[in-house]
Amino acid sequence: QVQVVESGGGLVQPGGSLRLSCAASGSFVSIYAMGWYRQAPGKQRELVATISSGDSTNYGDSVKGRFTISRDNAKNTVYLQMNSLKPEDTAVYYCNAGAVVFNAGNIRRRDYWGQGTQVTVSS
C-alpha cells in the first residue's frame, strides 16, 4: 500500500501565496505521476495540477499562470506553489499519487489519495 500525506495548508490573505507539499511512501515499484485536486463546499472535486515522472505538467484552467507544480522524484514528493490566491481558491486540497505496485505476483497501477489539507483565502 501507499500512504500520501499533504502539508502546508492554512489561512492566507487574497493575493498571497502558499506552498503545499505532498510525500508518498510505502510499498511500490514506482510513482509515475502525482497531482493536486481540490474540492470546495458544494462542488465536485476538480483538477488543479498534475506532473508525470518525466516532468510533463497539466493545469486546470482556473489556476494557469498562478500555480506551479514541481516534483522531487528522489523523495517521491510533489509541491504546489500557489501565488495570487483568490477567495475562489478556498478548498480542501488533495494529493494524488499514481503508483505502480506489485502485489500477489501482479503489477498494478493504482491511484492513492491523501486526506487533504485546508486552504482558506480570506481577508
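So which of Ser56, Ser25, Ser30, Ser21 is of a type in the set (S, T, N, Q) and free of Cβ contacts under 8 Å to residues at least 40 places away in the same chain? Explain how you work it out, then say what you get.
Values: Ser25 fails: free of Cβ contacts under 8 Å to residues at least 40 places away in the same chain; Ser30 fails: free of Cβ contacts under 8 Å to residues at least 40 places away in the same chain; Ser21 fails: free of Cβ contacts under 8 Å to residues at least 40 places away in the same chain.
Ser56 is the lone residue from the list that is of a type in the set (S, T, N, Q) and free of Cβ contacts under 8 Å to residues at least 40 places away in the same chain.
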Completion exercise
Matching residues in region 53-88 (under 23 Å from Tyr112 (Cα atoms) and small (Gly, Ala, Ser)) number 6
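Restricting attention to region 61-88, which residues are β-branched (Val, Ile, Thr) and open to solvent by 50 Å² or more (accessible area, probe 1.4 Å)?
Narrowing region 61-88 to residues β-branched (Val, Ile, Thr): 63, 68-69, 77-78.
Matches in region 61-88: Thr68 only.
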Handout entry: Among (1) part of a loop (DSSP other than H, G, I, E, B); (2) open to solvent by less than 40 Å² (accessible area, probe 1.4 Å); (3) within 16 Å of Val2 (Cα to Cα), the one test that Gln115 misses
Key = (2)
Problem - Every residue from region 22-60 that is open to solvent by less than 30 Å² (accessible area, probe 1.4 Å) and in contact with a Cys (Cβ under 9 Å, 6 or more places away or on another chain) - result: Cys22, Ala24, Met34, Gly35, Trp36
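The values are calculated or read from the model by the stated rules, or taken from the named source; none is laboratory data. These numbers were taken from a predicted model, which means no experiment stands behind them. Neighbour counts run over all protein chains shown; Cβ positions are idealised from the backbone, glycine included. The accessibility values were calculated without ligands, DNA or RNA, using every heavy atom of the protein model including side chains. Shrake-Rupley method; radii C 1.70, N 1.55, O 1.52, S 1.80 Å.
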